[in-house]
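Have a look at the structure below, then the notes.
Values quoted throughout were computed directly from the atomic coordinates according to the rules given, and no laboratory measurement underlies them. Here the structure is a predicted model, which is why all the values come from computation and not from measurement. Glycine also receives a Cβ, built like all others from the backbone with ideal geometry; neighbour counts cover every protein chain displayed.
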Amino acid sequence: MEAVQTYIENNKERFLEELIGILKIPSISADPAHAGDVKKAATAMAEALRKAGIEQTQIFDTDGHPIVFGEKMINAAWPTVLVYGHYDVQPPDPLDQWESPPFEPVIKKSETHPDGAIYARGACDDKGQVFMHIKAMEAMLSYDALRCNVKFLLEGEEEVGSEHLAGFCKEHKDLLTCDVILISDTAIISNETPSITSGLRGLSYVEVTVTGANRDLHSGVYGGAVANPINVLSQMIGSLHDEKHRITIPGFYDKVQELSQQERVDMNKAPHDEEAYKRDLGIDAVMGEAGYTTLERTTVRPTLDVNGMWGGYTGDGAKTVLPSKAHAKISMRLVPDQDPDEIVAIFTDHLKAIAPDGVKVDVRPHHHGRPAVTPVDSVEYKAAAMAMEQTFGKKPIPARGGGSIPIVSLFEEVLGVKSVLMGFGLDSDDIHSPNEHYGIFNFYQGIRTIPYFYQFYGELKNGQYRQD
Ligand code: BES
Ligand code: MN
Ligand code: MN
């Protein structure tokens, strides 16, 4: 292990240079114009895996973006770790809010990242975190220090709902056989307070269209006499929360697991500075469901948010128009045991029920995913916790995450395997936002920690084998 850590120390500048190369590829999965770049990023990832010593790496084409799969089976008696991650990124817009272009990585120091952070779309989510695994592997394989078998499954469609990965998993169950799935695509509480994500929220994402008259109308000639779809949609959306910021859709909370008082006390022990939180966001008050803390509202409580809304005239100046249609994209973050299909169904029923006469309401579901809870008493959690304690000098605390990685629950369903969510980002790294960045410290700390995970996991698993 000492040799592995020395190798990492001696090669870290090169690791960063190589990451910069990968961050320059605009692998935006949502934009068909960038399909070639997504493919290019897949090839770059496969190349990096081969270079790290995972010679058996292939690229599987799908009807969408490619899937990169690599494996190194060393000893059938050893446990197999499957590393999952994604090399696709979110669209970078609004471009004018980036201080440097999203695909021209630069390193800058900040208060949160005194050692510097690398600014680029995908730096933290998730190319930088995937690359830590590839470089840790390179270090371990250089010294024949890996005591587990390893598989890599890297996809190019995470940011658009992992549509083709689900089918791939069902089709290639044998290829993906493993004992645990290791994912770095989440955050720690802070660089001083390491944590391991113990659960993720699920997601239902829908697009609503309200249609009034069969064409756009003059707002003076017809205004006041026919339903305005934008007025109607705004009103309907406004009614989806009550004055306590609870969601008003009948049945929405029916399957929500309430935490016990003790669990709530425990989770709120995690450091959280509400004043600093507000200052960072430039707001003078937080807003959310009455009776819950910010930490609870962003992890163990479900939400409903408009992500985008449009219709009518939005160009320069004024155009007097009574629009025919209004649209909204709405996300609902779900917690155990809410079911995304059921939520879409009750959402649709409710919207149709409250729609006034004179408009038609159409609800189109987009991607969705189930919430996931990962055990904190498993061998793999223990190995991850020991690894982080080794490098941070502090025991990590389990913390639920507010985001979603829908494939986690799918892995459980299809492969019957649980995941360990050992991410190294920070919530303040601006993933999906302008100026996304990833701390240089976090990048290196990940590379240093990952080899310990394999060491402890291998040892714990083998100890287990000896027992029975
Ligand atoms: N890495 C994120 C998820 C995440 C971020 C989990 C931070 C926990 C903390 C992932 O890439 C992501 O953005 N997921 C999407 C869901 C997907 C279906 C588009 C999300 O959460 O919006
Ligand atoms: Mn991600
Ligand atoms: Mn993301």
Qualifying GluC sites (Glu not before Pro) in region 174-276, DSSP loop, other Cβ atoms within 10 Å at most 13
Glu192, Glu243, Glu258
With unit charges on the beta carbon (Lys/Arg positive, Asp/Glu negative), name the residue among Leu351, Leu259, Val306 whose Cα is farthest towards the positive pole of the charge dipole of the chain.
Leu259
Three principal axis extents, largest first, for the C-alpha atoms of region 169-238, in Å?
67, 42, 16
Can you pull the one-decimal nm distance between simple spin-label points at Ala30 and Asp254, each 7 Å off the Cα toward Cβ?
3.2
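Between beta-carbons, use under 10 Å as the cut-off and find the net charge around Gly70, counting Lys and Arg +1, Asp and Glu -1.
On the way: positive: Arg50, Lys72, Lys151; negative: Glu55, Glu71.
The answer is +1.
So for the chain, averaging the separation of alpha carbon pairs under 8 Å that are six or more residues apart and normalising by length, what relative contact order in percent results? Numbers along the way, then the final one.
Working: 936 pairs, mean separation 116.8, N = 468.
After rounding, I find 25 percent.
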Local electrostatic count, Lys51, Cβ distance below 14 Å [Lys/Arg +1, Asp/Glu -1]
-1
Is region 23-181 best put as rounded, prolate or oblate by its Cα gyration tensor, with a ≥ b ≥ c the root eigenvalues, rounded for a/c under 1.5, and otherwise prolate when a/b is larger than b/c, oblate when not?
oblate
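In the P(r) worked out for region 132-267, what percent of Cα pairs fall beyond 21 Å?
Details: 6601 of 9180 pairs.
Value for region 132-267 (Cα pairs over 21 Å): 72 percent.
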Dividing the convex hull volume of the Cα atoms of region 358-468 by its residue count, what figure in Å³ per residue is obtained?
159
Phi-based couplings in Hz for region 239-253 (Karplus 6.51, -1.76, 1.60; Gly and Pro marked x):
7, 7, 10, 8, 5, 8, 6, 9, 7, 8, 5, x, x, 4, 9
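Where nothing but the Cβ of Lys and Arg (+1) and of Asp and Glu (-1) is charged, how large is the charge dipole of region 359-415 around its Cα centre, in debye to the nearest 20?
Numbers: 7 positive and 6 negative charges, 52 e Å.
In debye, rounded to 20, region 359-415 gives about 240.
If you average 1/r across every pair of different Cα atoms in the chain and take the reciprocal, what Kirkwood value do you get, in Å?
Averaging 1/r across every pair of different Cα atoms and inverting gives 23.7 Å.
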Karplus-derived 3J(HN,Hα) from phi for region 51-60 (6.51 cos²θ - 1.76 cosθ + 1.60, θ = phi - 60°), whole Hz, x at Gly and Pro, runs 4, 6, x, 8, 4, 7, 10, 9, 10, 9
Scattering profile of region 403-442 at q = 0.17, 0.18 Å⁻¹ [log10 I(q)/I(0), Debye over alpha-carbon scatterers]
-0.62, -0.66
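Where Lys and Arg each count +1 and Asp and Glu each count -1, what net charge lies around Ile188 among other residues with Cβ under 15 Å from its Cβ? Show your work: numbers first, answer last.
Details: positive: Lys394, Lys395, Arg400, Arg448; negative: Asp125, Asp126, Asp185, Glu192, Glu389, Asp427, Asp429.
Result for the local shell: -3.
Do you know the relative contact order of region 1-103, to the nearest whole percent, from alpha carbon pairs under 8 angstrom that are 6+ apart? Working shown, then result.
Details: 98 pairs, mean separation 25.7, N = 103.
This gives 25 percent for region 1-103.
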Return P(r) of region 94-164 (all Cα-Cα pairs; 10 Å bins starting at 0; whole %; ordered from short to long distances).
15, 34, 31, 18, 2
Region 80-94 - phi-based ³J(HN,Hα) in whole Hz, Karplus 6.51/-1.76/1.60, Gly and Pro as x:
10, 9, 9, 8, 10, x, 10, 9, 8, 10, 6, x, x, 5, x
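What Kirkwood Rh does region 46-132 have if only Cα atoms enter the pairwise 1/r average? Answer in Å.
Details: mean 1/r = 0.0637 Å⁻¹.
15.7 Å is the Kirkwood radius here.
How do the peptides 70-80, 316-326 rank, highest first, by the average count of neighbouring beta carbon atoms within 10 Å per residue?
Numbers: 70-80: 16.6, 316-326: 14.8.
My ranking of the peptides, most packed first, is 70-80, 316-326.
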Label region 233-295 by shape, choosing from rounded, prolate and oblate, from the square roots a ≥ b ≥ c of the eigenvalues of the Cα gyration tensor; if a/c is under 1.5 it is rounded, and otherwise prolate applies when a/b is larger than b/c, oblate when it is not.
oblate
Residue span Val106 to Glu342: 0.36 nm per residue of separation minus Cα-Cα distance leaves a gain in nm of 80.5 nm
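Contact order normalised by length for region 144-268, with contacts defined as Cα pairs under 8 Å and 6 or more residues apart; what percent is it? Walk me through the numbers on the way to the answer.
Details: 34 pairs, mean separation 11.3, N = 125.
The normalised contact order for region 144-268 reaches 9 percent.
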